[in-house]
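In what follows, a structure is listed as structure tokens, so that the remarks can point back to it.
The values are calculated or read from the model by the stated rules, or taken from the named source; none is laboratory data. Because the structure is a prediction, the values reported are computed rather than measured. Here the Cβ positions follow ideal geometry from the backbone for every residue, glycine too, while neighbour counts run over all protein chains shown. We work out accessible area using only protein heavy atoms, side chains counted, and drop any ligands, DNA or RNA first. Shrake-Rupley method; radii C 1.70, N 1.55, O 1.52, S 1.80 Å.
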Amino acid sequence: VLLSTGGAKQKAEMLDAARMLVEHGYELYATGGTSKYLTDNGIKNILVHWPSDTAQPQALDLLHQHKIDMVVNIPKNLTSHELTNGYKIRRAAIDLNVPLITNSRLASAFIQAFCTYKLDEIGIKSWAEYR
């Protein structure tokens, strides 16, 4: 799972979800600020770099190598650098059919749901049954 969680508020909102992912055996990849925040809070992760950086490993490379199964990408600010890098990651996720979430509260709820419930515990209903 690739995490790039925006500002301080969004990072804090994602902390429990990130911890839950690691506890359930998921490998976390995180961009610079998110990686530091996770590490400072005792959550194991692998630092990945923005598309505009020359350092390795690159987030886009990992996406193209199918090493990432979900992306949580929340823009930190509206600077050109942040928007361009975030766009490239989000665009690659969509093009490669990798689930993408851009809201920290929604991402936390989704992660909690799939880490908590087993597939056989979820009843499948037809659309008509939801009326």
- [ ] Could you give me the residue pairs with C-beta distances under 7 Å whose first residue belongs to the range 94-116 and is among the hydroxyl-bearing types (Ser, Thr, Tyr), whose second residue is open to solvent by 70 Å² or more (accessible area, probe 1.4 Å) and assigned to a helix (DSSP H, G or I) wherever it lies, and which are 6+ apart or on separate chains?
- [x] Ser108/Asp16
Task: Candidate set from the range 26-74 (those that are open to solvent by less than 60 Å² (accessible area, probe 1.4 Å) and among the small types (Gly, Ala, Ser)); member that is nearest to Leu96 (Cα to Cα) - done: Ala59
Open item on the list: Taking the condition of being touching a helix residue (DSSP H, G or I) at 6+ places or on another chain (Cβ under 7 Å) and of a type in the set (S, T, N, Q), how many residues in the range 103-116 meet it?
Closed with: 3
TODO: May I ask you to list pairs of residues, at least six apart or on different chains, whose Cβ atoms are under 8 Å apart, with the first in the range 57-69 being among the hydrophobic types (A, V, I, L, M, F, W, C) and the second being assigned to a loop (DSSP other than H, G, I, E, B) and open to solvent by 10 Å² or more (accessible area, probe 1.4 Å)?
DONE: Ala59/Trp50; Ala59/Pro51; Leu60/Pro51; Leu63/Leu96; Leu63/Val98; Ile68/Val1; Ile68/Val98
